[in-house]
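In what follows, a single structure is set out as structure tokens and then discussed.
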Amino acid sequence: MMACYSLLAILCCSSVKSAAAFSSTNPSSVATPPLLTYPLTQVVSDIDDTLKSSGGVQVAGVTLGGIDVQYERGDFYPGVFQFMWEMSLHPVTINQRHYDDNFYDKASAFSLQLSPPKVAVLTARAEEFKAALEIKEGSKLAKALRRTGEMSEVKDWGIGPVLYGSVSEWIIQDRKGLRKFNNFERLIEQDPTGQILQYVYVGDTGELDQEAGETMLREYPEVAKAVFLHVVSMDPPSSYPPSGIPIPSPKLINGRPLVFFRTYVGAAARATQLGLMEDDGLMRVVEEAERSLKDGGVPKGSSKWIDLERDIEMAYRTLEVDLS
């Protein structure tokens, strides 16, 4: 599935008249308010070891999607969908805030209503096996994303364009990074100017997502806002250091940030520091991640809680700085 967003699909104005039509029929109006002051953010995500764990399963020495063994195969990472939502929502919030502060008029027939762009997917899953591996609207993944939007009364948010890999990347694994970058180039054709859409790529450290993400930042810094990479390991949790797996420091590529994270709370804290997420959005990611582990009955002393609690501390430090 490769669907391009039109301007009308992204910018949804609920008024009977468009802004331009309203201006033309009302000579006394001072100016037509811009529909979009800040570009919207489309989150572009990998699937295995990014949205959900691969479990580190291998067949004939070839990994089936990734290397992570901390979580069971198919488990969604705590807070992942809330993180995707908050990243997508942030530009909508600041556009609405700008509109309310500068253009809002109770007497106007025009109202600004923006919908967060759906999550685009770049996956190494082979398109030749699409009949078996296709991400469908009825899948657990699509339902979980859709449910996250519905909690904020947005009914149609969820999976957007999906761009697949091919069998050749399964045979020659080194091609996966290049294929994802090439698919990213296809994706940005929906708005090459970056005036409507810009992108944040979320992948992991297990399957050449770093290669793909760094190339995005080098080649397209005008539309690629940041890259977030989930740090995963093929080592069993029993071998982890007491304080958890070390996380590489963030770095800049062509002036754009590349961030490594262990949990989605850590990713949300970094996103907030970079101005890509609201403070209250960060707190919602914290709450959702904690709820996920509690509902799953994860023991407090497990590596999952150690990782999460470390990142919750970073989240609170981030909020303290923002409030000071």
Förster-model FRET efficiency, 25 Å R0, LEU252 and GLU287, C-beta, rounded to 0.05: 0.25
Mind checking the per residue accessible area of region 237-324 for me, 1.4 Å probe, whole number of Å²? 50 Å²
Across bins of 5 angstrom width beginning at 0, how are the C-alpha pair distances of region 194-311 distributed, in whole percent? 2, 11, 19, 20, 19, 14, 8, 4, 2, 0
What does the extension gain come out to for GLN195 and ASP174, with contour length at 0.36 nm per residue minus their alpha carbon separation? 4.2 nm
With every protein chain left in place and a probe of 1.4 Å, what is the accessible surface of SER249, to the nearest 10 Å²? 90 Å²
Order these peptides, 236-242, 143-149, by their mean beta-carbon neighbour count within 10 angstrom, highest first. 143-149, 236-242
Say each of MET151 and GLU222 gets a label point 7 Å from the Cα, pointing the same way as Cα to Cβ; how far apart are those two points in nm? 3.8 nm
With a 30 Å threshold on alpha-carbon distance, the violating pairs from LYS155/LYS300; LYS143/LYS180; LYS180/LYS251; LYS155/LYS176; LYS52/LYS251; LYS251/LYS294 are LYS155/LYS300; LYS155/LYS176; LYS251/LYS294
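The values are calculated or read from the model by the stated rules, or taken from the named source; none is laboratory data. Quick caveat: nothing in here was measured; it's all calculated off a predicted structure. Glycine gets a Cβ as well: all are built from the backbone with ideal geometry, and neighbour counts include every protein chain shown. For the accessible areas, the whole protein counts, side chains as well, though only heavy atoms, and no ligand, DNA or RNA atoms are used. Shrake-Rupley method; radii C 1.70, N 1.55, O 1.52, S 1.80 Å.
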